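Here's the structure, in structure tokens; my notes come after.
Values in this text are rule-based calculations from the coordinates and carry no lab data. Keep in mind the model is a prediction, meaning the values are calculated, not measured. So basically every Cβ, Gly included, is an ideal-geometry build from the backbone, and we count neighbours across all protein chains shown.
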Amino acid sequence: MTATELTEYYLERSERLQPTINGYISLTRDKALATACHVDSLRRQNRELSPLAGIPMAVKDNIAVRGAATTCASKVLADYISPYDATAVEKLAHCPLLGKANMDEFAMGSSSLTSAFGPVANPWDSKRSPGGSSGGSAALVAAGCAPFSLGTDTGGSIRQPAAFCGVTGFKPSYGRVSRRGLLPLAPSLDQIGTLTRSVEDAALVLQEICGYDPGDPASARQDVPDFSACLVDDVSGLVLGLPREILESCPDSSTSEAVEAAARKFAQAGAKVSWVSMPYTDESLAAYMLIATAEAASSLARYDGVAYGYRHSSSTLEEMYTGSRIFGAEVRRRLMLGTYNLGPDCSGYELGQQARKHISRHLEELFSQVDLLLLPAAPYIAFPLEEELDPLAMYYNDVYSIPANLAGLPALALPCGESRGLPIGMQMMAPRFREDVLLRAGYTWQCRSDWHLRRPREVE
Amino acid sequence: MNPTIGLEVHVQLQTGKKLFCSCPSDFAAPPNTRVCPVCLGLPGTLPVLNQEAVILALRAALVLGCTINTLSSFDRKHYFYPDLPKGYQITQQRQPLALGGEVETPLGTVDINRLHLEEDAAKLVHTAEGTLIDYNRSGIALVEIVTAPCLTSPGAAKSFLQFLRQVLLYAGISDCKLEEGSLRCDANISLQGGGRTEIKNLNSFKAVERALDYEIQRQRRAIARGEKVRPETLRWDEAQAKTVPMRAKGIAAEYLYLPEPDLPPLYADAALVEKARMGLPELPRSRAARFVRQYGLPPERAELLVATREMADCFEEIAAKGATPLAAANLLLGEVSRLLNAGGELPAAGQLARLLALQEAGSISVKAAKEVLARMSARGESVDNILKQENFFQISDTETLAELAQKVIAANPGATADYLKGKTKALGYLMGAAMKASQGRANPESLKKILAQKLAERPKKY
């Protein structure tokens, strides 16, 4: 099969399912076929190609792609075309780009409901949310519209939608993947990662996008191991920590039961499982909100209508500014919170950073006792689209994933069960730069389970 | 009622590139031709710190005697204004690169509060149709140098700036061109009993002095009338020669500083500071002292020579080629300086050394040397080339001069007779005639000697 044939197949499926799922903000058929055609011609010349050459992909719409719309699901950037490629996209230049994936506006949300381009449907139940903010990236992989996609994770934005859509979501360590070209939500927490059908696929994509980039000052000068070589069906000797408070207080009992069942299965496979304590989930969420809103308020200051993006014409500068910043309600809410946090009467940001230090230190200590932490990817399974969730309840979606962002840890979300016909996701966290351990444990899990092989019934 | 004055000086670092991207930082390029996604603040771009700018900033901290912070960090300073493409400026608010310096200027010690790196904003061009933005300046590498409020007169402020300019130029840190904005100054001033005002738009050292003078008078009158001096930001209006209140700059007055999450802390360890120090030249003050010591120059000549690095370097090169140091100094401070002030170029040291050597050997006259120098400075020609084309060589050859003397004596019997009768003044006339006959090239001293000798040889019968 040629890359062109493969790309045609995925384009056709993507276009056909777009009205149902709304997983894309824009489809990039011409660009995809041009890349596929180029790869095919290289292959005919017997050129050496990477394992992913010609495999199509979807890219979350907060990652810059040259010559393509890069909207962040916001009206503010509705007509913005990026003049440059993100580093991660450059590294995947041989992967035909099917389109830019739908998401929560500026990645602020856990439902993909805040997109200015309409909500994304969960392929398992089109009346339910795919999670967010990488909801489009997760839904497209789940629906078989894209073999893999890039997402971003600031507080759980890869792992929670991966759990909701029954796919494999990988958030690498902070600094593993260059953030150059990632439109920031909170620069100290943001990380690009993958949504795939399996851990094996995740290893292939991560191999290409990880690595030091002089264009990102926060990028780590850390050797990238051969990730595929880490895929061994063997967890003997690994110590898995189960955070007792989290499993005991998880609001969805089917989720906590599935995670505990997984722990038993790991124990059968030779891992040692022990209870640990992570008694700061609420504090993590609070710290996250203080830091992420402040950094977002700063990072989004540039959307003023002056040099690019939407501009409200007006005779006064102030009116031009206020009229150009046409953000949705959730973005406005967070910008207000963040601006307040940065203000002279509030030391919210510093407070958040202090809490972050404590939590990071505690996690570091935990990892002197265990190799991995095993916990739910999210406190719920996919919730109905029409459900009016109040913002605080929505923020609670990320409560189990945030510690990894605060401490810069790699984390992996994997399908581990089903409840009422909807996927359940578990999550594993490892010490910083120990993606290898996550890949090993995740691969072992998928060798011994078939949850990741199940397909949503709604989108045959 | 002495004024209290503090200065904030922005200096463009001479790195050739911007602070966080590799766009060139040349002046007067066509608008928006020195831009890239980073300095335009396009979505998703990240700043990458220019390491050469760090070295230059460290050098500035060293020459100002500052204490360098091993760990400094960057902050985002937010305000909404179209000159700021990101909605914030990257600066060093909480932990600046350096603190607490002290410099000796001719008008006394000046304390430096802090020195930090920051990026420049874009330039707004207001036209009848609207405001245009030139992003060429956006992201240019600056250091901000803040003095303590320790200056007590406009003259002292001016003197500090002149000193600062001299050392920054010397150390190759900045080209300090006020007219191009690579050195900009804001002044803070208050009198006892009044509020502090900040004056912006000071485009020359003279403007600094005049604006401060004006502001002292204005504040003094206000206080005398029992009025309050409001703390405010003023603009110096050169045409009206007065300070006028500025329009409010940002919509928000609060800068909402945020530790820059895109940039790791700047670690200026001993090795980096040493690297910066290695590139530092000898500074004017110690160089002048050495010139006195090593070359035996009078101190005031040495001071003048070190005023610019080019002149001092040139002097040392000439001296190294064996010229008499004082003669070299006099040449540079006299004729060469005059030519430079008239817009000429500084000739190469080797050429100046050759000229001096010819002059000292008596091969060319002082007058001829001046002419040769003028041509060197104007057209960059070499000494020997000029001398080959024009017959500037001085005639010192005894035989030629004797011949000349004979001719002049023969042609001027009257003057010769007068001289022999004891009218010594007649020798002057004969000298004039001889110089004219040689087109000014005769070595006057030798000629005078030979002429007197030839006259003495005349038979006494006259």
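What whole number of Å gives the distance from the Cα centroid of the range A:1-67 to the Cα centroid of the range A:239-279?
Cα centres, the range A:239-279 to the range A:1-67: 39 Å.
Assuming a ≥ b ≥ c are the square roots of the Cα gyration tensor eigenvalues, decide whether the range B:1-147 counts as rounded (a/c under 1.5), prolate (otherwise, with a/b larger than b/c) or oblate.
Note, shape of the range B:1-147 comes out prolate.
Calculate the translational D of the protein assembly as shown in whole µm² s⁻¹ from Stokes-Einstein, where the hydrodynamic radius comes from the Kirkwood formula applied to all Cα pairs, the temperature is 25 °C and the viscosity 0.890 mPa s.
It comes out at roughly 75 µm²/s.
For chain B, take the longest principal axis of its alpha carbons; what is the angle in degrees between that and the long axis of helix B:284-295, to the nearest 10 within 0 to 90?
Helix B:284-295 sits at roughly 20 degrees to that axis.
Considering amide H positions built from the backbone, and no H for Pro or chain starts, which residues 5 or more places from B:Ala442, or on another chain, come under 5 Å of its amide H?
Residues meeting the criterion, in which the H sits 1.01 Å from N, are B:Ile395.
Using the alpha-carbon centroid of each, what span in Å lies between the range B:313-377 and the range B:1-44?
If we compute the Cα centre of each part, the gap is 39 Å.
Can you compute the helix-only [θ] at 222 nm over chain A? Use -39500 (n - 2.57) per DSSP H run of at least 4 residues, normalise by all residues, nearest 500 deg cm²/dmol.
On the way: 15 runs with 172 residues, N = 460.
Theoretical 222 nm ellipticity from helices: -11500 deg cm²/dmol.
Amide H to amide H, which residues 5 or more places from A:Ile424 or on other chains are under 5 Å from it, using H placed in the peptide plane?
A:Cys416, A:Gly417, A:Glu418, A:Ser419
What is the sum of charges, Lys and Arg at +1 and Asp and Glu at -1, for the other residues whose Cβ falls under 13 Å from the Cβ of B:Gly428?
Result for the neighbourhood of B:Gly428: +3.
Is the range B:4-276 rounded, prolate or oblate when judged by the Cα gyration tensor, a ≥ b ≥ c being the square roots of its eigenvalues, rounded requiring a/c under 1.5 and prolate requiring a/b larger than b/c?
oblate
For the range B:282-389, give the magnitude of the charge dipole about the Cα centre (Cβ charges: +1 Lys/Arg, -1 Asp/Glu; no others), in debye to the nearest 20.
For the range B:282-389, the charge dipole is close to 100 debye.
Can you tell me which of A:43-49, A:251-257, A:195-201 comes out highest on packing, and rank the rest after it, using the mean Cβ neighbours within 10 Å? List each step's numbers first, then the result.
On the way: A:43-49: 9.7, A:251-257: 16.0, A:195-201: 23.1.
Ranked from most to least packed, the peptides come out as A:195-201, A:251-257, A:43-49.
Taking a ≥ b ≥ c as the square roots of the eigenvalues of the Cα gyration tensor of the range A:184-257, is the shape rounded (a/c under 1.5), prolate (a/b larger than b/c) or oblate?
Details: a/c = 2.16, a/b = 1.40, b/c = 1.54.
In terms of gyration-tensor shape, oblate.
Give the calculated FRET efficiency between B:Phe393 and B:Asp269 to the nearest 0.05, with a Förster radius of 60 Å applied to their Cβ-Cβ distance.
For R0 = 60 Å, the calculated efficiency reads 0.50.
Just flag the GluC sites (Glu not before Pro) in the range B:213-245 sitting in loop per DSSP whose Cβ has no more than 16 other Cβ atoms within 10 Å.
Those satisfying the criteria are B:Glu227, B:Glu238.
Would you mind pulling out the separation of the Cα centroids of the range B:264-304 and the range B:51-117, in Å?
21 Å
Round to the nearest 0.05 the FRET efficiency obtained for A:Gln268 and B:Arg94 when R0 = 60 Å and r is the Cβ-Cβ distance.
Working: r = 53 Å, r/R0 = 0.89.
After rounding to 0.05, the efficiency reads 0.65.
If you restrict to DSSP beta bridges whose two residues both lie in chain A, what percentage is antiparallel, to the nearest 5? Don't skip to the answer; put the middle values down first.
Numbers: 32 of 47 bridges.
Antiparallel bridges make up about 70 percent of those DSSP assigns within chain A.
FRET efficiency for A:Leu392 and A:Leu317, Cβ-Cβ distance as r, R0 = 35 Å, nearest 0.05?
Here the calculated transfer efficiency is 0.45.
Which whole-number percent is the relative contact order of the range B:1-147 (Cα, under 8 Å, 6+ apart)?
29 percent
Mind giving me the nanometre distance, one decimal, between the label points for B:Thr308 and B:Arg338, set 7 Å out from Cα along Cα→Cβ?
Going by the 7 Å Cα→Cβ label model, 1.8 nm.
When A:Thr70, B:Thr147 are ordered from fewest to most other Cβ atoms inside 10 Å of their Cβ, what list results?
Listing A:Thr70, B:Thr147 from fewest to most nearby Cβ atoms yields B:Thr147, A:Thr70.
Compute the long axis of helix B:154-170 from its Cα atoms, compare it with the longest principal axis of the Cα atoms of chain B, and write down the angle in degrees, 0 to 90, nearest 10.
80 degrees
Please go through the range B:216-304 and write out the trypsin sites (Lys or Arg not before Pro) that DSSP classes as loop and that have at most 11 other C-beta atoms within 10 Å.
Working: sites: B:Arg218, B:Arg220, B:Arg221, B:Arg225, B:Lys228, B:Arg235, B:Lys242, B:Arg247, B:Lys249, B:Lys275, B:Arg277, B:Arg285, B:Arg287, B:Arg290, B:Arg293, B:Arg301; in loops: B:Arg225, B:Lys228, B:Arg247, B:Lys249.
Qualifying residues, ordered by number: B:Arg225, B:Lys228, B:Arg247.
Where does each of B:Tyr88, B:Tyr267 land when they are ranked from fewest to most other beta-carbon atoms within 10 angstrom?
By the 10 Å Cβ count, ascending: B:Tyr267, B:Tyr88.
Return one number: the angle in degrees, 0 to 90 and rounded to the nearest 10, between the long axis of the Cα atoms of helix B:349-360 and the longest principal axis of the Cα atoms of chain B.
With rounding to tens, the tilt is 30 degrees.
Mind sorting A:Cys346, A:Cys416, A:Cys250, B:Cys150 by how few other Cβ atoms lie within 10 Å of their own Cβ, fewest first?
If I rank by nearby Cβ atoms, fewest first, I get A:Cys346, B:Cys150, A:Cys250, A:Cys416.
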